[in-house]
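Accompanying notes for the structure given below.
The values are calculated or read from the model by the stated rules, or taken from the named source; none is laboratory data. These numbers were taken from a predicted model, which means no experiment stands behind them. Neighbour counts run over all protein chains shown; Cβ positions are idealised from the backbone, glycine included.
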Amino acid sequence: MSEKFGTYNEGKKQYVYQMDSLDSEPDNETSADVMVKRRLSGKSSSFGGALFGEKVIVGYIHKAAGTGSKRHTHPNEQYNFVLQGTLQCDIDDQTVLCPAGHCVHIPAGTEHSCMATPEEDVIFFVAKDTRHGISGPPVDGIEDGPRVHPNAKPGQTDLDDKPI
C-alpha cells in the first residue's frame with residue numbers, strides 16, 4: 001500500500017487537495033468537483049478556489065485589505081473560519097468583527113456583507129451546503145464591483161491588479 005501525505009497516489013482518485021494552490025484542473029479523477037482559483041462574483045473582491053461535494057462546498061478564499069462583498073443573500077447558510085486578518089461582517093442590522101481563529105455563521109437567507117478590514121488582507125475557509133452555490137446575488141441587483149472600505153489605502157489594487 002502506497003500512502004502520501006498531502007498528495008495523491010498516481011493513477012488513483014484524488015481525495016487530498018492543497019486548497020491554497022487550486023490553480024488548474026487536476027489531471028486525475030477527483031472525489032469532488034474542483035473550482036480553480038477565480039473571482040467568485042462581480043459584486044465581491046473574494047478570490048479563491050473551492051471543492052464541490054455532493055452536499056457541501058468548501059473554499060479557501062482571499063480578500064484584499066479594505067475590500068469585500070456588497071450586501072447580498074443566498075438560500076444556503078455559510079460559515080467563514082478566518083485564518084489570517086479580520087473580517088468585518090454586516091449581518092442583518094449588526095456589524096461584527098471576526099479575527100483570525102474565529103468563525104462567523106451567516107444563517108440561510110440572511111442579508112450580509114463581509115470585507116477585510118483596511119489593515120490587512122484576509123484569508124478564510126468557507127463552508128456551505130450545495131443548495132445554491134458559492135455566491136449569491138447582490139441585494140441591489142447590480143454586480144458593479146466589490147465593496148470598498150472608506151479607509152482603504154489609496155492606489156490599492158485587488159488580486160487582479162485592478163484599482164479599488
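Residues in the stretch 103-144 that are hydrophobic (A, V, I, L, M, F, W, C), within 25 Å of Lys55 (Cβ to Cβ) and modelled with pLDDT under 90: Ile134 alone. In the stretch 26-41, what residues are more than 26 Å from Ala100 (Cα to Cα) and either modelled with pLDDT of 90 or more or surrounded by 11 or more Cβ atoms within 10 Å (Cβ to Cβ) (or both)? The answer is Pro26, Asn28, Glu29, Thr30, Ser31, Ala32, Asp33. Residues in the stretch 91-130 that are under 14 Å from the mean Cα position of the chain (by Cα) and not in a strand (DSSP E or B): Asp121 only.
If you check Ile91 against the conditions, is it crowded, with 20+ Cβ neighbours inside 10 Å, touching a His at 6+ places or on another chain (Cβ under 9 Å) and without any contact (Cβ under 8 Å) to a residue 60 or more places away in the chain? No, not satisfied. In the stretch 31-38, is there at least one residue being among the acidic types (Asp, Glu) and part of a loop (DSSP other than H, G, I, E, B)? Taking every residue of the stretch 31-38 in turn, none turns out to be among the acidic types (Asp, Glu) and part of a loop (DSSP other than H, G, I, E, B).
Note on the stretch 58-87: residues that are outside any strand (DSSP E or B) and hydrophobic (A, V, I, L, M, F, W, C) amount to 2. All conditions in (1) of a type outside the set (D, E, K, R); (2) closer than 22 Å to His149 by Cα; (3) touching a residue at least 60 places away in the same chain (Cβ under 8 Å) hold for Thr110, with the sole exception of (3).
For the condition buried (at least 20 other Cβ atoms within 10 Å of the Cβ), under 22 Å from Ser21 (Cβ atoms), modelled with pLDDT under 90 and among the polar types (S, T, N, Q), Ser69 does not qualify.
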